[in-house]
1. For a bin width of 10 Å, list the pair-distance distribution of the chain built from all Cα-Cα distances, rounded to whole %.
2. Compute the separation of the alpha-carbon centres of region 25-70 and region 404-444 and state it in Å as a whole number.
3. Hey, what did the chain get for relative contact order, percent, Cα under 8 Å, at least 6 apart?
4. Taking 7 Å along the Cα-to-C-beta vector as the label spot, tell me the GLN100-THR68 distance in nanometres, rounded to one decimal.
5. What does the convex hull of the Cα atoms of region 387-444 come to per residue, in Å³, rounded to a whole number?
6. Return the FRET efficiency for the residue pair VAL382, ASN423: r is the Cβ-Cβ distance, R0 is 22 Å, and the value is rounded to the nearest 0.05.
7. Which peptide among 66-74, 320-328 comes first, and what is the full order, when sorted by highest mean count of other Cβ atoms within 10 Å?
8. Assuming R0 = 25 Å, what is the FRET efficiency of PHE229 and LEU184, from their Cβ-Cβ distance, to the nearest 0.05?
Amino acid sequence: MLILNNICEMDSEAIVIRIKTPLGDMDSSVDYPSLLNFNDLLVAIRDVMPEATVTAFEYEDEVGDRITVRSDEELKAMLSYYCNTMNEQRMNGLLPDPLQIFPRAGKTPGIRNIHGLKVNTRPNPANDCTNAVQDSIANNSLKKSSAELKRILTNGQINAQDILYQEQLGHGNGGTVYKAYHVLGKRVLAVKVIPLDITVELQKQIMSELEILYKCDSPYIITFFSAFFVENRISICTEFMDGGSLDVYKRIPEHVLGRIAVAVVKGLTYLWSLKILHRDVKPSNMLVNTRGQVKLCDFGVSTQLVNSIAKTYVGTNAYMAPERISGEQYGIHADVWSVGISFMELALDMFPYPQIQKNQGSLMPLQLLQCIVDEDPPVLPVGQFSEKFVHFITQCMRRNPKERPAPNNLMDHSFITQYNDGNAEVVSMWVCRCLEERRAQHPQ
Ligand code: ATP
Ligand code: MG
């Protein structure tokens, strides 16, 4: 496979390519843009437009002129141009737009071939293609799911032997998270390693349940790269967030919390749209970086994984909604409660139920959490916080789940709309300042 080198800083981060098709947009995250070649992308386009004969695609330059891409050289030029645009947008405090490409479709072979002969439109499999691409060529007539499409564009899986472990980032109820370096992809990762003594059958089930993570493609959800079992441990590789999780930050000012809340609500709304409940919303599962991005992690997509971890670690999560603590049925509204209690804790810098002492982690004996079921929910003190914020928390923490805001009501809440201004710089500056303070207090 031809490898494109030196596409400015692209080695270090994923980009989102938006394929514009007549039926709508198709977004895909490309984890290693420098490894992408023209053929890979063409195959991916053909998979979303199986009826068309796509031989090239176009992108728009800064004045809106369409530039055609037909070769690796031209692809390299497009990626360089996009990298510069991304940098400029960042310098202006904006989140980069996806790279938009417009497939150039000719007539279908059926129409062009007046003799009624069958035309084999498959590219030559002897080409410089990866296995993943060859697989996809073999099934060219079938419309691929976005999960498969994503795998084509990510240039394969991450393997255990290609990972260099660096420092330990933290230890949770399930496992240990390490900062690591993926040698092949030349990027930093966060790898969560969870020991699990389970059968090979269960391992397979977990791996197939995790497949849905390839489909998650949102700026508010941590990017999933790969998962694999080695002996009795599963390793889950995701994007590394250099600001870490929110649980280690001191009292967060309201104007920063507002921007964080917007990202959390957008991330959850995205998951809910895929029919995924997060089930573990809490400050340690909200990650930030120095670019001012806020992303959710550790949502429960694999029932088997959640169940297997629960067998080792007993206890009840203190951020759970009252209906979950008392073992009733629950839905989206339980995630909404957890948003409320998490943001209340982040604003006050203490767990909102003073009688609950969270010493280590968030798992507690069930009896200690009974007060969440029995008592009126706590309310933020007006005077210290804006009325909009106090109202937002009060609504999210209504004891009756049906009285909590539904997804669209959450997005429309005045606290959220007030801070939905796309200003990533506020969070970015705050994260950078806190990290500097931490460094000054604990010099290496
Ligand atoms: P739980 O096991 O219930 O989710 P937890 O969230 O505290 O509890 P882990 O998920 O194991 O524990 O995470 C441990 C710590 O690792 C987090 O608190 C966070 O600081 C860090 N961490 C996790 N994922 C990342 C990441 N992608 N980037 C940077 N740091 C991370
Ligand atoms: Mg976690």
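Every number in this text was worked out from the coordinates using simple rules, so none of it is lab data. On a predicted model such as this, the values are computed, not experimentally measured, just so you know. We place every Cβ from the backbone using ideal geometry, glycine too, and count neighbours over all the protein chains shown.
1. Once binned at 10 Å, the Cα pair distances of the chain give 4, 19, 28, 25, 15, 7, 2, 0, 0.
2. 34
3. Working: 722 pairs, mean separation 56.3, N = 444.
Once divided by the residue count of the chain, the mean separation gives 13 percent.
4. According to this spin-label approximation, the distance is 2.1 nm.
5. Working: hull volume 8.0 nm³, N = 58.
Dividing the Cα hull volume of region 387-444 by its residue count gives 139 Å³.
6. Values: r = 26 Å, r/R0 = 1.16.
The pair VAL382/ASN423 has a calculated efficiency of 0.30.
7. Details: 66-74: 14.4, 320-328: 18.8.
Listed from highest to lowest mean packing, they are 320-328, 66-74.
8. Working: r = 19 Å, r/R0 = 0.78.
Computed FRET efficiency for PHE229 and LEU184: 0.80.
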